[in-house]
1. Any idea which of (1) crowded, with 19+ Cβ neighbours inside 10 Å; (2) part of a loop (DSSP other than H, G, I, E, B); (3) of a type in the set (Gly, Ala, Ser) is the one GLY161 doesn't satisfy?
2. Of the residues that make up the range 20-28, is at least one free of Cβ contacts under 8 Å to residues at least 60 places away in the same chain, surrounded by 13 or more Cβ atoms within 10 Å (Cβ to Cβ) and among the basic types (Lys, Arg)?
3. Restricting attention to the range 111-132, which residues are touching a helix residue (DSSP H, G or I) at 6+ places or on another chain (Cβ under 8 Å) and in a helix (DSSP H, G or I)?
4. In the range 152-208, which residue that is touching a Leu at 6+ places or on another chain (Cβ under 9 Å) and free of Cβ contacts under 8 Å to residues at least 12 places away in the same chain is nearest to GLU103 (Cα to Cα)?
5. Given the condition in contact with a Ser or Thr (Cβ under 7 Å, 6 or more places away or on another chain), closer than 16 Å to VAL63 by Cβ, in contact (Cβ under 8 Å) with a residue 24 or more places away in the chain and of a type in the set (S, T, N, Q), answer yes or no: does some residue in the range 97-118 qualify?
6. Of all residues in the range 102-119, which are touching a strand residue (DSSP E or B) at 6+ places or on another chain (Cβ under 6 Å) and either within 15 Å of LYS132 (Cα to Cα) or among the aromatic types (Phe, Trp, Tyr) (or both)?
7. Of the residues ASN64, ASN131, ASN99, only one is surrounded by 13 or more Cβ atoms within 10 Å (Cβ to Cβ), under 17 Å from LEU182 (Cβ atoms) and not small (Gly, Ala, Ser); which?
8. Please go through the range 41-83 and pick out each residue that is at pLDDT below 95 and either farther than 25 Å from GLN111 by Cβ or acidic (Asp, Glu) (or both).
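The values are calculated or read from the model by the stated rules, or taken from the named source; none is laboratory data. For clarity, every value in this text was computed on a predicted model and none was experimentally measured. As a convention, Cβ positions derive from the backbone with ideal geometry for all residues, glycine included, and neighbour counts pool all protein chains shown.
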Amino acid sequence: MSIAYKVSVFNRKRKWDLFLNNIVLTKEMRVLDVGFSEKEYSSTDNFIEKHYPYPEKLTALGVNVPVEFKKRYPLVTAVHYGGGIFPFADKAFDVCWSNAVIEHVGDRDKQLFFLKEIRRVSRRAFITTPNKHFPIETHTRTPLMHYFPKKIFDRYLTLMGKKWATGNYMHLLSFSDCNNLLCDASIHEYKIIKNRLFGFILDFVIIF
């Protein structure tokens with residue numbers, strides 16, 4: 001088992017504990033998971049589907065057609081959409097869970113729209129995203145290079161055979177970025193928890 005995988009398992013469990021400590025779950029609660037994974041590459045993928053005690057009350061939203069997903073989680077309602085507006089009515093859900101998705105939806109304007117949609121369809125939200133200033137970029141496991149302007153970082157990733165992580169694949173967020181997005185989305189009552197690893201802030205948990 002690699003160190004990176006061990007860290008991933010540890011951090012997913014830590015975020016799940018934070019979710020349980022901040023959200024009082026009930027059998028009647030309607031929960032939305034924004035950003036399910038059709039392909040699973042490790043046991044940490046689709047973490048809420050693996051652990052949520054009332055899967056029949058869980059709806060998973062994603063940009064991939066849920067074929068394998070439905071086979072793995074038959075009690076979960078899976079919804080495919082093309083990005084943009086969520087295909088749900090206002091306040092259709094009691095809670096929205098979105099783990100490490102906002103950095104993948106596009107530029108700042110799209111991230112802002114994503115937050116507004118979460119606020120629109122859910123009464124509460126639990127959102128996580130990696131810290132832009134953590135010394136290792138967690139998606140590509142690249143040290144320090146993401147501190148450079150995005151064009152330079154993308155060029156480096158391309159040279160290293162990781163072109164898949166360039167362009168709109170990820171737009172990383174800092175603590176101030178998160179605060180500014182929340183403010184611009186008219187979300188004023190929230191808290192941001194800083195999860196640390198070896199003294200550095202690894203990621204943020206946003207609860208509103």
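1. Only one criterion is unmet by GLY161, namely (1).
2. No, there is no match, as no residue in the range 20-28 is free of Cβ contacts under 8 Å to residues at least 60 places away in the same chain, surrounded by 13 or more Cβ atoms within 10 Å (Cβ to Cβ) and among the basic types (Lys, Arg).
3. Hits for the range 111-132 are GLN111, LEU112, PHE114, LEU115.
4. The qualifying residue nearest to GLU103 (Cα to Cα) is TRP164.
5. Scanning the range 97-118 turns up at least one residue that is in contact with a Ser or Thr (Cβ under 7 Å, 6 or more places away or on another chain), closer than 16 Å to VAL63 by Cβ, in contact (Cβ under 8 Å) with a residue 24 or more places away in the chain and of a type in the set (S, T, N, Q).
6. ILE102, GLU103 - these are the residues of the range 102-119 that are touching a strand residue (DSSP E or B) at 6+ places or on another chain (Cβ under 6 Å) and either within 15 Å of LYS132 (Cα to Cα) or among the aromatic types (Phe, Trp, Tyr) (or both).
7. ASN131
8. Within the range 41-83, SER42, SER43 meet the criteria.
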